[in-house]
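The values are calculated or read from the model by the stated rules, or taken from the named source; none is laboratory data. For clarity, every value in this text was computed on a predicted model and none was experimentally measured. We place every Cβ from the backbone using ideal geometry, glycine too, and count neighbours over all the protein chains shown. The accessibility values were calculated without ligands, DNA or RNA, using every heavy atom of the protein model including side chains. Shrake-Rupley method; radii C 1.70, N 1.55, O 1.52, S 1.80 Å.
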Amino acid sequence: MISYLPGMKRIYMDHSATTPVAPEVLEAMLPYFSERFGNASSLHSFGLEAKEALEASREKVAALLGAKPEEIIFTSGGTESDNLALKGIAYRNQAKGKHILTTSIEHPAVLETCRKLQKEGFEVTYLPVTGEGLVDPAVLESAIRPDTILISVMHANNEVGTIQPLEEIGRLAAERDIYFHTDAVQSVGKISTDVNTLGVDLLSLSAHKLYGPKGTGALYIRKGTRLESIIQGGGHERALRSGTENIAGIVGLGRAADLAGEIMAAEARRLTGLRDRLAKLVLEKVKDAWINGSMAKRLPGNLNFAFKYVEGESLLLFLDSRGIAVSTGSACSSHKLEPSHVLLALGLKPEDCHGSLRITMGRSNTEGDADYVAEGIAAAVERFRSISALGR
Ligand SMILES: *Cc1c(COP(=O)(O)O)cnc(C)c1O
């Protein structure tokens, strides 16, 4: 196997899998591992210091979402936030109905939670998406039932970067008094995620997709939303999420939210430019290739290519040998051999799913990176097509 050589220039274009902790974020976190180590529940000065940091972070996360601080609950990440939102609403509101509406392109943190709820007697409808990877609000509306208690539609997809029409769905949900949750792990800090504009009652986010630390996240819960906790214990986080707060992680999330808010508009413009540049270069150089998902309703740094007659895994390893880090499908499913459930939902043939490559750019990426990666991709596709039985 070809492997990465020490000292080689490395280009990271897998920011949807995770991001590095920003230097400002790390700096803000460090004191909370050492001198400010207190437990936020303690009544002495050490505890108060931790409690203050906790509440300051809550304000920062709330500000990024246009929410009130008391509407933010800290969790261990996006997966836990999704679990709490779905199970919490389902368990607490089951007397009203047991039907949940979601989409076929959600992250496993939502899909697997729905499967578990189905085993417990809830009914789940998985809505299809268009060939562009978008949910049609009219299709969603027609799937609403009198016993629907929750609609969960992700804001931006982690594989193809498509941005769903949440405002329209939010209005449909509000008219019918149905709770509306969104997994916004991929969109928070990249595009506007104002909870009132989007019309959501619950929103999941994760620090490590936002230049913060792994293992920390938050759930926005609109005031008045009734849900049950899924972790029992000492009653932390308004008894919705017991367990001593991860103060250092939460401070990191707060700083990351602040930073993202400051640079979001400029960074979105810059990454859209890089994205479009890389797309154009690759599609000029490589035949029988296209981009999966809508280009108009798409995250700034996301590209998802389909290359006919090659395996994405081979491309990934070839690029890795040149110091370029990208992914096939999502990081969670790239160790499986099944084609991506997202690309299948977009209507791709299974063999074309296998030739897909996800590129997600972020703060460190430059125009020079885009040019180097475009060349690397063209070389990789050419090489594997020339030796592939599928090639022509
Ligand atoms: C990464 C991701 C998650 C999971 O977040 P963790 O903090 O890694 O648990 C959930 N949803 C989406 C869309 C993601 O991209």
Q. Can you tell me which residues in the range 223-269 are of a type in the set (Asp, Glu), open to solvent by 20 Å² or more (accessible area, probe 1.4 Å) and in contact (Cβ under 8 Å) with a residue 12 or more places away in the chain?
A. Glu228, Glu245, Asp258, Glu267
Q. Quick one: would you say Gly368 is closer than 28 Å to Ile163 by Cα and touching a residue at least 24 places away in the same chain (Cβ under 8 Å)?
A. no
Q | Selection count, the range 150-183, where residues are closer than 25 Å to Gly355 by Cα and among the β-branched types (Val, Ile, Thr) | A | 3
Q. When residues of the range 213-222 are filtered for being open to solvent by less than 20 Å² (accessible area, probe 1.4 Å) and within 16 Å of the ligand (Cβ to nearest atom), how many remain?
A. 6
Q) Hey, among the residues in the range 95-104 that are more than 20 Å from the chain's Cα centre (by Cα) and open to solvent by less than 60 Å² (accessible area, probe 1.4 Å), which one's farthest from the ligand (Cβ to nearest atom)? A) Gly97
